[in-house]
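The values are calculated or read from the model by the stated rules, or taken from the named source; none is laboratory data. Quantities reported herein were computed from a predicted structural model and do not represent experimental measurements. Here Cβ is always computed from backbone atoms with ideal geometry, including for glycine, and neighbour counts include all displayed protein chains.
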Amino acid sequence: MALPVLKMERLYRQIANAIVESIQRGEFAPGTALPPERELAKQLGVSRSSVREALIALEMTGWVDIRTGNGVFAMQPPPQPPVSAPAAEADYSLEDLLQARLAFEGMLAEMAARNGTSAQRERLRALAETLLRYRANDADFLDQDKRFHLLIGEMSGNEVLREMMESLWNRRDSARFQRLERHFADNAFTEEMNCDHQQIAAAICAGEAAAARAAMESHLTRVRRRLLG
């Protein structure tokens, strides 16, 4: 007997499809607001971060309109195709991505404090200073932010880890992550991140491995809290 292939569907997609079904049943009429994230999470028995990921996916496929500060609204008229993973990018959870960064980059910051060369430390100081010139959470700032973090991977002194770091950061360039940032990372957040960058760079350049790890983990915890609630 031929058995069907079972597919494991990401939680955010399960939540998204449950909301789509509610819209199709008329529970959320086009143009009306959905319940707040916290209430949806409670009703579905899931985390608020998973609900936020689902809403981003729904906005990308045209089912809802996220109006930051005002709520999430069912679209008029709703489209017909089901919610699925974007064809151009891997189907991973943004929560998983941020957790991976927290675990991995803390370790790299610690290694960078131990293994970075004098020349690399000078480059890191210069990048940290350059970042202070950026006030908006725009493409130019994000490019410098990426350079800062990738340099820390290079300073670890381990080529395999450096390549893994680059691969991890390339996932951050996904359409879903960019849309998440557009809604929940404002210019005030840029200033907060730059404050973190100064602390990270100072600890690494001083060779303080434990402080460097703590500063990086604090930074990425702040990023996760802002983006996923």
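Tabulated values for the structure
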{"quantity": "Selection within the range 193-211 - within 16 Å of L127 (Cα to Cα) and either of a type outside the set (G, A, S) or crowded, with 17+ Cβ neighbours inside 10 Å (or both)", "calculated": "M193, N194, C195, D196, H197, Q198, Q199, I200, A201, A203, I204, C205"}
{"quantity": "Every residue from the range 129-153 that is under 20 Å from M107 (Cβ atoms) and among the aliphatic types (A, V, I, L, M)", "calculated": "L150, L151, I152"}
{"quantity": "Test: A136 is out of contact with any Leu (no Cβ under 6 Å at 6 or more places or on another chain), touching a residue at least 12 places away in the same chain (Cβ under 8 Å), under 24 Å from I56 (Cα atoms) and surrounded by fewer than 18 Cβ atoms within 10 Å (Cβ to Cβ)", "calculated": "yes"}
{"quantity": "From D173, D186, residue being outside the structural domain of E37 (by TED's automatic domain parsing), closer than 20 Å to I56 by Cα and without any contact (Cβ under 8 Å) to a residue 12 or more places away in the chain", "calculated": "D173"}
{"quantity": "Candidate set: the range 212-229, residues that are modelled with pLDDT of 85 or more and among the small types (G, A, S); chosen: the one surrounded by the fewest Cβ atoms within 10 Å (Cβ to Cβ)", "calculated": "S218"}
{"quantity": "Test set (1) among the charged types (D, E, K, R); (2) in contact (Cβ under 8 Å) with a residue 24 or more places away in the chain; (3) under 13 Å from E105 (Cβ atoms) - E166 fails condition number", "calculated": "(2)"}
{"quantity": "Residue pairs meeting the criteria (Cβ under 8 Å; at least 6 apart or on separate chains; first of a type outside the set (V, I, T), in the range 214-229; second assigned to a loop (DSSP other than H, G, I, E, B))", "calculated": "R226/A185; L227/A185"}
{"quantity": "Members of the range 148-167 found to be farther than 22 Å from Y92 by Cα and surrounded by 14 or more Cβ atoms within 10 Å (Cβ to Cβ), listed by number", "calculated": "F148, L151, I152, G153, E154, M155, S156, G157, N158"}
{"quantity": "For D186: the one exception among (1) more than 17 Å from L98 (Cβ to Cβ); (2) at pLDDT 95 or above", "calculated": "(2)"}
{"quantity": "Conditions (1) within 22 Å of the chain's Cα centre (by Cα); (2) surrounded by 18 or more Cβ atoms within 10 Å (Cβ to Cβ); number of the one not met by N170", "calculated": "(2)"}
{"quantity": "Pick from the range 20-66, criterion in a loop (DSSP other than H, G, I, E, B) and out of contact with any helix residue (DSSP H, G or I) (no Cβ under 9 Å at 6 or more places or on another chain), ranking: surrounded by the fewest Cβ atoms within 10 Å (Cβ to Cβ)", "calculated": "G45"}
{"quantity": "Every residue from the range 112-130 that is free of Cβ contacts under 8 Å to residues at least 60 places away in the same chain and either among the acidic types (D, E) or in contact with a Gly (Cβ under 7 Å, 6 or more places away or on another chain) (or both)", "calculated": "N115, E122, E129"}
{"quantity": "Lone qualifier among E9, E27 - being of a type in the set (D, E) and modelled with pLDDT under 90", "calculated": "E9"}
{"quantity": "Which numbered condition L151 misses (of (1) modelled with pLDDT under 95; (2) assigned to a helix (DSSP H, G or I))", "calculated": "(1)"}
{"quantity": "Counted residues, the range 66-91 - those being over 20 Å from R226 (Cα atoms) and modelled with pLDDT of 85 or more", "calculated": "3"}
